[in-house]
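J.: This is the structure I have questions about; it appears just below.
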Amino acid sequence: MRLRDKAAVVTGAGGGFGEGIARRFAAEGARVVVADIDVAAARRVAASIGQGAVAIAGDVSREADMRAMVGAAVDRFGGLDVLVNNAGTTHRNQPMLDVDEATFDRVFAVNVKSLYWAMQAAVPVFRRQGRGGSVINISSTAGIRPRPGLVWYNGTKGAMNTMTQCMAIELAPDNIRVNAICPVLGATGLTELFMGQPDNPEVRQKFMGSIPLGRMSQPSDIANACVWLAEDATSFITGVLLPVDGGRTA
C-alpha cells in the first residue's frame, strides 16, 4: 500500500473530488480525517470507509474549524502526514460585474483565506513532528488558462497557484512539500455553476469539445494524482502545478 499508516486530512471530502480522494487514500492504507461543512455527508463517507476514517464538520474559512480538522488527525491518528486542501466554491458563470460583493467575499474566503488558516494549523504540526509532510492544494485549470465568465473564481485559483509555489520554497527546509493539482471541469456539485447554464448532455458536449482527451475529469483522476503526490516516491517533488485536464492546458 502506497500510503500505509500515513495520517491525512481531506477537506471538502463529503462528495465530489474530496470523497474520491478520501476513499483512495484509505484504500492505499492511509487513515483519513473526512472534513466537510456538511456533517451528514462527512459522516456518510467516513462510515463507508470504516475504522480508518473519522468525520468532522467545519468551514475551512474559519480558523477554529481548520485547527479542529488538523487536531482531529493528531488526536485520532497520532499525527499528520498529508493535508489536501480540496474544499472550494465558485460563483455562477456570468459577467464579472454581475457577481455581488457577498458572493465575491465568500469565494475568496473559501478558496484563498482557507489556505492561510490551513497552513497556520498544519505547519507547526509538521515542524514539531520533524519528518516533513505533503500539502496538496486542489486548484484548477482556471488558474492556468482561464475563460471569461468566472473572473473572480479564476482569480482565487491563480492566487492558490502562486501561493503553492511560494510556500513550497519557504517550507522546503522543513521537508514540507507543497504542490497543486489543477483539474479541468468535472461532475461535482459545482458543475452547473461553472457552466452557467443547465447541466445536460448537449452542454457537457460543448465543454468537452475543448478537452483533447474528450471527457470531463473524474474523482478517480484527481485521487490518483493526489496519491502520487502524497507517497514517499515523490519526496523530491515540490512547487508543481499539475494539470489533470486531458490536455486542456497543453
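Just so it is clear, none of the values below were taken in a lab; they were calculated from the coordinates. The structure presented is a predicted model; accordingly, all values stated were derived computationally and were not measured. Neighbour counts are summed over all protein chains in view; Cβ atoms, including those assigned to glycine, are modelled from backbone coordinates with ideal geometry.
J.: Assess whether L213 counts as being buried (at least 18 other Cβ atoms within 10 Å of the Cβ) and of a type in the set (A, V, I, L, M, F, W, C). First the steps, then the outcome.
T.: Numbers: buried (at least 18 other Cβ atoms within 10 Å of the Cβ): no; of a type in the set (A, V, I, L, M, F, W, C): yes.
So L213 fails the test.
J.: Can you tell me which of A230, A223 is within 12 Å of N179 (Cβ to Cβ), touching a helix residue (DSSP H, G or I) at 6+ places or on another chain (Cβ under 8 Å), touching a residue at least 24 places away in the same chain (Cβ under 8 Å) and of a type in the set (G, A, S)?
T.: Every option except A230 fails the conditions.
J.: Tell me the residue from I181, I211, I136, I169 that is in a loop (DSSP other than H, G, I, E, B) and hydrophobic (A, V, I, L, M, F, W, C), please.
T.: The unique qualifying residue is I211.
J.: Look through V110, V60, V123, V70 and report the one residue that is touching a residue at least 24 places away in the same chain (Cβ under 8 Å), out of contact with any helix residue (DSSP H, G or I) (no Cβ under 6 Å at 6 or more places or on another chain) and under 21 Å from E19 (Cα atoms).
T.: V110
J.: Hey, which of the strands (runs of 3 or more DSSP E) in the range 29-106, taking only ones fully inside, have at least 3 residues that are under 25 Å from G155 (Cβ atoms)?
T.: Qualifying strands (runs of 3 or more DSSP E): 82-85.
J.: For the range 229-246, which positions are closer than 22 Å to A142 by Cα and assigned to a helix (DSSP H, G or I)?
T.: Hit for the range 229-246 is L229, nothing else.
J.: Being among the small types (G, A, S), over 30 Å from D75 (Cα atoms) and free of Cβ contacts under 8 Å to residues at least 40 places away in the same chain narrows it down to one of G158, G149, so name that one.
T.: Selected residue: G158, the only one of G158, G149 that is among the small types (G, A, S), over 30 Å from D75 (Cα atoms) and free of Cβ contacts under 8 Å to residues at least 40 places away in the same chain.
J.: Sort out which residues of the range 165-209 are over 15 Å from R147 (Cβ atoms) and surrounded by 19 or more Cβ atoms within 10 Å (Cβ to Cβ), and write them in order of number.
T.: M167, A168, L171, I176, R177, V178, N179, A180, I181, G186, T188
J.: So, of the residues in the range 184-202 that are outside any loop (DSSP other than H, G, I, E, B) and of a type outside the set (G, A, S), which turns out to be nearest to S220 (Cα to Cα)?
T.: By that ranking, first place goes to T191.
J.: Which one of these does Q51 not meet: (1) without any contact (Cβ under 8 Å) to a residue 12 or more places away in the chain; (2) within 17 Å of the chain's Cα centre (by Cα)?
T.: Every listed condition holds for Q51 apart from (2).
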